[in-house]
1. Using a Gaussian network for the chain with springs between C-alpha atoms less than 10 Å apart, which of these wobbles most: Gln163, Gln55, Gln19?
2. For the residue pair Asp29 and Thr14, what label-to-label distance in nm results when each label sits 7 Å from Cα along the Cα-to-beta-carbon direction?
3. For the chain, what % of the accessible area comes from carbon and sulfur atoms, probe 1.4 Å?
4. How far apart, in nm, are the 7 Å Cα→Cβ label points at Asp130 and Ala115?
5. Select from Tyr186, Leu39, Met24 the residue farthest towards the positive end of the dipole of the chain; place +1 on Cβ of Lys and Arg, -1 on Cβ of Asp and Glu, and compute about the Cα centre.
6. Per residue of segment 131-140, in order, report the coupling 6.51 cos²θ - 1.76 cosθ + 1.60 (Karplus, θ = phi - 60°) as ³J(HN,Hα) in whole Hz, putting x for Gly and Pro.
7. Alpha carbon centre of segment 28-74 versus segment 124-144: separation in Å?
8. For the chain, what is the accessible area per residue in Å² when the probe is 1.4 Å?
Amino acid sequence: MITLPFAAEDQSGTFLDGQLLIAMPRMMDRRFRRSVIYLCAHSDEGAMGLIVNQQVDNIDFGDLLERLGLSEDDKDINLSDIPEDLVSMPVHKGGPVETGRGFVLHSADYFVEGATLPIRDGVCLTATIDILRAIAAGKGPERTLLALGYAGWSPGQLETEIQANGWLNCPADLDLIFDHDNEAKYDRAMAKIGIDLSHLVADAGHA
């Protein structure tokens with residue numbers, strides 16, 4: 001069973017799970033500068049999300065399989081048989097918490113009862129090695145984002161940061177989350193809420 005740091009809540013208008021957080025241009029924390037975060041869980045207990053536009057340097061899907069020993073221990077996984085676009089699939093910096101822990105954000109066409117958490121609007125989260133095996137075998141989800149680590153907030157912390165104009169939020173969409181062009185995601189997320197960065201002032205409100 002997948003275990004998240006915080007329980008997911010589905011109370012539209014109250015919590016922001018299933019939405020994007022966009023760091024304000026004046027974000028001082030270098031870890032989150034120009035970051036776009038998909039919120040996987042948000043409740044009175046806190047919040048948890050994955051940064052979707054920061055890539056881990058020098059690690060791709062093939063490297064991840066090797067580091068986990070799957071390419072050696074699993075007779076069904078042979079790196080030479082996996083299409084190059086899968087082997088070279090990037091691994092993202094999901095956030096600064098538990099950076100050795102892996103998560104797979106993906107489309108809803110892949111679902112394993114007890115292992116996959118449906119979030120909202122066709123986006124799911126799975127954190128088991130089995131989904132990596134499925135991806136390697138060509139049986140994984142159509143759209144996938146691999147991440148190491150996550151971003152987490154204690155109760156009330158995210159709300160405080162939003163009120164202090166640290167973050168904007170907007171509805172998520174699969175095209176933005178799963179696009180391979182990480183450099184463009186920040187501007188695209190801002191554009192979704194009608195913000196031109198060249199006109200944004202430091203004391204702008206939040207969406």
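1. Gln163
2. Between Asp29 and Thr14, the simple spin-label model gives 2.5 nm.
3. After summing per-atom areas, the C and S share lands at 48 percent.
4. 0.3 nm
5. Positive-end residue among those listed: Met24.
6. Listing the rounded values in order: 5, 5, 4, 5, 4, 4, 8, x, 10, x Hz.
7. Each part reduced to its Cα centre gives a spacing of 15 Å.
8. Numbers: 10210 Å² over 207 residues.
Heavy-atom accessible area per residue stands at 49 Å².
The values are calculated or read from the model by the stated rules, or taken from the named source; none is laboratory data. Since we're looking at a predicted model, the values are computed, not measured. We place every Cβ from the backbone using ideal geometry, glycine too, and count neighbours over all the protein chains shown. Areas reflect the complete protein model, heavy atoms only, side chains present, ligands, DNA and RNA absent. Shrake-Rupley method; radii C 1.70, N 1.55, O 1.52, S 1.80 Å.
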